[in-house]
Structure formats: C-alpha cells, structure tokens
1. Please specify each residue of the range B:93-113 satisfying the condition of being at pLDDT below 90 and either out of contact with any strand residue (DSSP E or B) (no Cβ under 7 Å at 6 or more places or on another chain) or within 17 Å of residue A:103 (Cβ to Cβ) (or both).
2. If you go through the range B:99-110 one residue at a time, do you hit one that is surrounded by 12 or more Cβ atoms within 10 Å (Cβ to Cβ) and more than 7 Å from chain A (Cβ to nearest Cβ)?
3. Counting only residues that are within 16 Å of ligand 2 (Cβ to nearest atom) and in a helix (DSSP H, G or I), which one in the range B:78-92 is nearest to the chain's Cα centre (by Cα)?
4. In this structure, is residue B:78 touching a strand residue (DSSP E or B) at 6+ places or on another chain (Cβ under 8 Å) and in contact (Cβ under 8 Å) with a residue 40 or more places away in the chain?
5. Of the residues B:61, B:82, which is surrounded by fewer than 19 Cβ atoms within 10 Å (Cβ to Cβ), assigned by TED's automatic domain parsing to the domain that holds residue B:18 and within 16 Å of DNA strand C (Cβ to nearest atom)?
6. Kindly indicate the residue of the range B:24-58 that is more than 13 Å from DNA strand D (Cβ to nearest atom), touching a residue at least 12 places away in the same chain (Cβ under 8 Å) and within 24 Å of residue A:63 (Cβ to Cβ) and also nearest to the chain's Cα centre (by Cα) among those meeting that condition.
7. With B:55, B:76, B:37, B:44 as the choices, which residue is within 13 Å of another protein chain (Cβ to nearest Cβ), in contact with a helix residue (DSSP H, G or I) (Cβ under 7 Å, 6 or more places away or on another chain) and within 9 Å of DNA strand C (Cβ to nearest atom)?
8. Looking only at the range B:13-25, which residues are in a helix (DSSP H, G or I) and modelled with pLDDT under 95?
DNA sequence: TCACAGAATGAAAATGATTGTCATTTTCAG
DNA sequence: CTGAAAATGACAATCATTTTCATTCTGTGA
Ligand SMILES: [Zn+2]
Ligand SMILES: [Zn+2]
Ligand SMILES: [Zn+2]
Ligand SMILES: [Zn+2]
C-alpha cells in the first residue's frame, strides 16, 4: 500500500459512494493531494487486485469504483422526477447468491434497480 | 425496421451469441452485406431502444449485443469470459413490485443482473 | 553519509471504442 | 416525376484508458 493508493482511498472515503477514475483525479487535484491521472489508474488497478475496491460500469461503459464493504444497497427511482429511495436488498442478495452458486459461479456481485412513478408524479 | 437493422439482426442470428459492434461490422464486411461501421452502431442503438437486442459489457468495458428472447428475464454473466445464463426472475419480480408499492410507486419496471466467475474461469 | 538499483511517478503520446458531422444517396408520398 | 425526409457512410472528433519513457524518489549496503 503506497502513498498514491492511500490518497485514492481517502478520496473514495470522502465521496462515500461510486466515483470514476477521472472524478477521483479531479477531487485530488482540487485539494493539496495532487497526483497524476496515470497514477490514479495504477492505484485503482492495484486496489482492485487486492479487492479493496469494487468496479462497476456506468451505462456508458465508464468504470466506477467504490470502497468494498461500504453498505450495499439498491435504488427505487422515479422515472419522471428522479426522486430516489434507498432500499435494503436482503431478499435480492439471497436470490443472487442462490442463483449464482446453483450455476457454479463464484466471486459474485449483482446490480439491481427499480424504476417507477412516485406518488406525486403518478397523478 | 430499416434495411441496416435487418442486416445487423441477421448477423447476430448467425453469431448465435454475443458480438461487439466491431465484430458485427467485420462479419458483414466479409459477406455481401457490406455496411458502414457508423450504421452498425446506429442500428444497434435503435434495436436497443426497441428492446430487440440486449447490451452487456465485457470486462474491459466494450459493449456486446445479442438477440433478446421475448420473455422477460435476467442474466448471470461471467466477468471474465462472458458466459451467460438466462435466469427466470420470479423472486425478483415480486421483490420489485413489493418494494415499489410499499413506497407508493406505480408503473414499475426493474433491472437486475448477477455477475461472477463461471466454473471454468474460477480456477 | 554515499552510491546506486529498483520502484514509483506523471507528462505526453498512443490506443480503441463510440459518437458527431455532413455531404450524398435512397425512399416514398403526393 | 419531385421535393422532403430518412438513411447511409467516410471521416473527424471525443473520451476513457493504457503505454512509453524520462525523471524522481527510496531504501539498502558499503
Ligand atoms: Zn416523481
Ligand atoms: Zn444487493
Ligand atoms: Zn467464464
Ligand atoms: Zn425481472
């Protein structure tokens, strides 16, 4: 765990959720923790190897990272106004794990979101 | 459904699984169905909108597409080789509906995917 | 303390998928 | 047939990510 990796971790902590490499870089530039973009990528690569961060992909394919072990949750989002509710996913966690092990898959992750119209927007 | 979209669909049928835009383009170039790369991307975009194809992401972020079955389902995907299993989502459908109505949301949809390492890749 | 090998760093260039532009061609309703 | 609108594709632009490579740091043995 070298100095750059620590800086990236601190940035991710501050963010508290997902962030792309570029966002992390921007954040660090702003403060006094300046660090090169290349190094951000290298640090993330290394943190991934050590399973200290998670990687997901946005819809457009950009990679986003977050600290592992942050509380995992899902979203219920209004299609019209964007109002969002955070969901504890107990049931779905089990579902994912069951299905995956049933098919011999390991190192399992999942994504789930629910869309709809909130009460305000559905009048 | 215009001519290019049809060509792309035919190519996807021949492939029988996932293919990237570039692969589809290469395949069509080979045969007598030549078509521009830009047009392949446009056709895929359009087919996505109409939910005629599915989009997934390889590990490196590249988009891959395939024909979508007509029934609603979810995917269990290998992060490494892309091997995919289609999942009947009974449990998750109920979960989504419950959560959403609990919060007063209507007109509900959802997304869910499970990813992991398939048995071959998890050595 | 000094010298030096190897690791770490980052600026700049390279890569590669995807998207934007725009002039040209095709389609088709009137 | 004719003009408007849609479709097409060559090419340029964008943007995340990776490579390169010269430079700077760091620790270790003399
Ligand atoms: Zn709403
Ligand atoms: Zn979950
Ligand atoms: Zn696999
Ligand atoms: Zn479902």
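1. Across the range B:93-113, the qualifying residues are B:112, B:113.
2. Looking through the range B:99-110, at least one residue is surrounded by 12 or more Cβ atoms within 10 Å (Cβ to Cβ) and more than 7 Å from chain A (Cβ to nearest Cβ).
3. That would be B:92.
4. yes
5. Checking each option against the conditions leaves just B:61.
6. B:54
7. The unique qualifying residue is B:55.
8. Of all residues in the range B:13-25, those in a helix (DSSP H, G or I) come to B:13-15, B:21-25.
Those that are in a helix (DSSP H, G or I) and modelled with pLDDT under 95: B:13, B:14, B:15.
The values are calculated or read from the model by the stated rules, or taken from the named source; none is laboratory data. Please read these numbers as outputs of a predicted model, since none were measured by experiment. Glycine also receives a Cβ, built like all others from the backbone with ideal geometry; neighbour counts cover every protein chain displayed.
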